[in-house]
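Since the structure comes first, as structure tokens, the remarks are kept for the end.
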Amino acid sequence: GKSFAILWLGFALIAAGAMAISWAAVSLLSVGLVEPQTVIFQYLLTIGLFPAVAWLFVHWQRAFLRQV
């Protein structure tokens with residue numbers, strides 16, 4: 001398997017693209033450029049919480065697969 005750092009980097013890149021699309025969509029709907037601070041904060045929070053959420057999901061999956 002891939003190392004967690006590679007997985008995290010891939011997630012960070014995809015999340016950056018998603019946040020950029022989100023910011024562009026909000027700016028288009030607002031008919032003007034929106035301050036990017038909110039999107040940047042959301043991105044950093046998402047990247048920062050990813051390891052904890054991934055750990056939780058891995059443990060849930062292992063517990064589920066043991067029962068199957």
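Out of the residues in the range 27-43 that are surrounded by 12 or more Cβ atoms within 10 Å (Cβ to Cβ) and under 16 Å from the mean Cα position of the chain (by Cα), state the one that is farthest from Ile14 (Cα to Cα).
Step one: filter the range 27-43 for residues surrounded by 12 or more Cβ atoms within 10 Å (Cβ to Cβ), giving 27, 34, 36, 38-40, 42-43.
Within this subset, residues satisfying the condition of being under 16 Å from the mean Cα position of the chain (by Cα) are 38-40, 42-43.
Numbers: Thr38: 18, Val39: 14, Ile40: 14, Gln42: 14, Tyr43: 11 Å.
My answer is Thr38.
Would you mention how many residues in the range 34-68 are part of a loop (DSSP other than H, G, I, E, B) and closer than 17 Å to Ala24 by Cβ?
Kept after step one, since they are part of a loop (DSSP other than H, G, I, E, B), are these residues of the range 34-68: 34-36, 68.
Imposing the further condition that a residue be closer than 17 Å to Ala24 by Cβ reduces the set to 34-36.
Total satisfying the criteria: 3.
So which residues in the range 47-56 are surrounded by 10 or more Cβ atoms within 10 Å (Cβ to Cβ) and either in contact with a Pro (Cβ under 6 Å, 6 or more places away or on another chain) or without any contact (Cβ under 8 Å) to a residue 40 or more places away in the chain (or both), if there are any at all?
If we filter the range 47-56 for residues that are surrounded by 10 or more Cβ atoms within 10 Å (Cβ to Cβ), which is where we start, we get 47, 49-51, 53-56.
Selection gives Ile47, Leu49, Val53, Trp55, Leu56.
Quick one: in the range 1-33, which of the residues that are among the hydroxyl-bearing types (Ser, Thr, Tyr) and in a helix (DSSP H, G or I) is farthest from Phe57 (Cα to Cα)? Step through it out loud before you land on a result.
Looking only at the range 1-33, we keep the residues that are among the hydroxyl-bearing types (Ser, Thr, Tyr), and these are 3, 22, 27, 30.
From what is left, the residues that are in a helix (DSSP H, G or I) are 22, 27, 30.
Details: Ser22: 25, Ser27: 34, Ser30: 36 Å.
Filtering the range 1-33 for residues that are among the hydroxyl-bearing types (Ser, Thr, Tyr) and in a helix (DSSP H, G or I), the one farthest from Phe57 (Cα to Cα) comes out as Ser30.
List, please: which pairs have Cβ atoms under 8 Å, are six or more places apart or on different chains, and start with a residue in the range 14-37 that is touching a residue at least 40 places away in the same chain (Cβ under 8 Å) and end with one that is surrounded by 11 or more Cβ atoms within 10 Å (Cβ to Cβ) and in a loop (DSSP other than H, G, I, E, B)?
Every condition considered, no pair remains.
Laboratory data are not the source of any read-out in this text; all were calculated from the coordinates shown. What you are looking at is a predicted structure, and each value in this text was computed from that prediction instead of being measured. In this analysis, Cβ positions are derived from the backbone assuming ideal geometry, glycine residues included, and neighbour counts consider all displayed protein chains.
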